[in-house]
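Colleague: Following this message is one structure expressed as structure tokens.
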Amino acid sequence: MGVLFEPTNNDNNPRLLEDFIEKAGGCAVIDGGFATQLELHGASIKDPLWSALCLINNPHLISKVHLEYLEAGADIIVTSSYQATLPGFISRGLSLEQAEKLLEKSVKLATDARDVFWESVNKIDDHTYNRALVAASIGSYGAYLADGSEYSGNYGENVDMNKLKDFHRRRLQVLVAAGPDLLAFETIPNKLETQAIVELLEEENVQIPSWICYSSVDGVNAPSGESFADCLEVINTSRRIAAVGINCAPPQFVHSLVQKFKGLTEKVIVVYPNSGEIWDGIAKKWMPSKCFNDDKFKVLATRWRDSGAKLIGGCCRTTPSTVRGLSKVLKKTSLATN
């Protein structure tokens, strides 16, 4: 049988993530691009709600994508709530209660897919899967604005700490109550939002381990231009943040950033870059760029692991094929050493 790991998200286990990584062989695999797969299956997500639109129109496709990534070998699947916000849903005419139910649904779709998949594979002798963890995605304030500011950190003079905490608070409460194993704060662009998240997790006494991931447009600093040293200084004060890293940045930036982060923190390092294409947040389209195919992605991923990353996956424009390749190369080496 595969490694059986039963998450205990209600037990205030500060080592849940570290224990899971150890049982996964020293490096756990995160899933890949979500919107990419939804569009492949016919979903129309050209909308400010982006993939969260499927929580309203096509929840069965969300379940399908989760299952595809689980079958590909993902140890952690991320919910479809990145762009799911209460003000975003309310602006579409939904009530607050309906909006909260959709946030809850994002977690339930993922946990149900995980449980169904695990029940099926656990009947198979000598399978190589781990019982996956579910990470509830919490996109940055810039992701809600849908104006590309998650890649600049430029929120304007009217956005302060209190506004950011007020924006995140109720969504955080609803998602935590829905019962995920982890919280994934994604594409955080600046120190201000980092501080808001750290303070909010403390104020709400959140027991579920969290990770915070940044993007980077230059491979050196946070999107705001602030140094990662300044941002991670804030994270290092929090016992509620278990991991920190990079998502939705070009793969060629990742190796040096993993090395940088290793020198700045003792937190688990998590990376899930995009395919190498560039998203134009204003024009709402992918710009031509040199892409990294699955074979090259696999080669780079082993370098990231060897440099210290312990959670590795893909973001925009990566697919179950990418994750299948990651699972093979990362787990093969890790498990062989156990």
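Colleague: Please find, among Ala99, Ala72, Ala136, the residue that is farther than 12 Å from Arg171 by Cβ and either at pLDDT 95 or above or basic (Lys, Arg) (or both).
Modeller: Ala72
Colleague: Also, quick follow-up: Quick one: would you say Val234 is in contact (Cβ under 8 Å) with a residue 24 or more places away in the chain, assigned to a loop (DSSP other than H, G, I, E, B) and either surrounded by fewer than 21 Cβ atoms within 10 Å (Cβ to Cβ) or touching a strand residue (DSSP E or B) at 6+ places or on another chain (Cβ under 7 Å) (or both)?
Modeller: When the stated conditions are applied, Val234 does not pass them.
Colleague: Separate question: Inspect segment 238-260 for any residue being open to solvent by 10 Å² or more (accessible area, probe 1.4 Å), small (Gly, Ala, Ser) and modelled with pLDDT under 95 and give the result as yes or no.
Modeller: No, segment 238-260 contains no residue that is open to solvent by 10 Å² or more (accessible area, probe 1.4 Å), small (Gly, Ala, Ser) and modelled with pLDDT under 95.
Residue-wise test of (1) crowded, with 20+ Cβ neighbours inside 10 Å; (2) at pLDDT below 65.
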{"site": "Val299", "(1), (2)": "no, no"}
{"site": "Arg305", "(1), (2)": "yes, no"}
{"site": "Ile312", "(1), (2)": "yes, no"}
{"site": "Val323", "(1), (2)": "yes, no"}
{"site": "Leu330", "(1), (2)": "yes, no"}
{"site": "Ser334", "(1), (2)": "no, yes"}
{"site": "Thr337", "(1), (2)": "no, yes"}
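Colleague: Taking the options Lys123, Lys108, name whichever one is farther than 20 Å from Trp50 by Cβ and open to solvent by 60 Å² or more (accessible area, probe 1.4 Å).
Modeller: Exactly one residue qualifies, and that residue is Lys123.
Colleague: Look through segment 139-187, keep the residues that are among the hydroxyl-bearing types (Ser, Thr, Tyr) and either at pLDDT 95 or above or open to solvent by 10 Å² or more (accessible area, probe 1.4 Å) (or both), and return whichever of them is farthest from Phe228 (Cα to Cα).
Modeller: Selected residue: Tyr144.
Colleague: Spot the failing condition for Leu264; the list is (1) at pLDDT 95 or above; (2) buried (at least 22 other Cβ atoms within 10 Å of the Cβ); (3) of a type in the set (A, V, I, L, M, F, W, C), and only one is missed.
Modeller: Answer for Leu264: the failing condition is (2).
Colleague: Hey, any hits in segment 200-208 for a residue that's in contact (Cβ under 8 Å) with a residue 40 or more places away in the chain, out of contact with any Gly (no Cβ under 7 Å at 6 or more places or on another chain) and not in a loop (DSSP other than H, G, I, E, B)?
Modeller: Within segment 200-208, one or more residues are in contact (Cβ under 8 Å) with a residue 40 or more places away in the chain, out of contact with any Gly (no Cβ under 7 Å at 6 or more places or on another chain) and not in a loop (DSSP other than H, G, I, E, B).
Colleague: Report yes if some residue within segment 178-192 is assigned to a loop (DSSP other than H, G, I, E, B) and either more than 30 Å from Leu330 (Cα to Cα) or β-branched (Val, Ile, Thr) (or both); otherwise report no.
Modeller: Yes: one or more hits.
Colleague: Would you say Gly88 is of a type in the set (Gly, Ala, Ser) and either buried (at least 22 other Cβ atoms within 10 Å of the Cβ) or touching an Asp or Glu at 6+ places or on another chain (Cβ under 9 Å) (or both)?
Modeller: So Gly88 fits the description; yes.
Colleague: Output the helices (runs of 4 or more DSSP H) that fall wholly within segment 32-151 and possess 3 or more residues being more than 27 Å from Ile212 (Cα to Cα), or say none.
Modeller: Result: 96-121.
The values are calculated or read from the model by the stated rules, or taken from the named source; none is laboratory data. On a predicted model such as this, the values are computed, not experimentally measured, just so you know. In this analysis, Cβ positions are derived from the backbone assuming ideal geometry, glycine residues included, and neighbour counts consider all displayed protein chains. Surface accessibility is based on the protein's heavy atoms, side chains included, excluding ligands, DNA and RNA. Shrake-Rupley method; radii C 1.70, N 1.55, O 1.52, S 1.80 Å.
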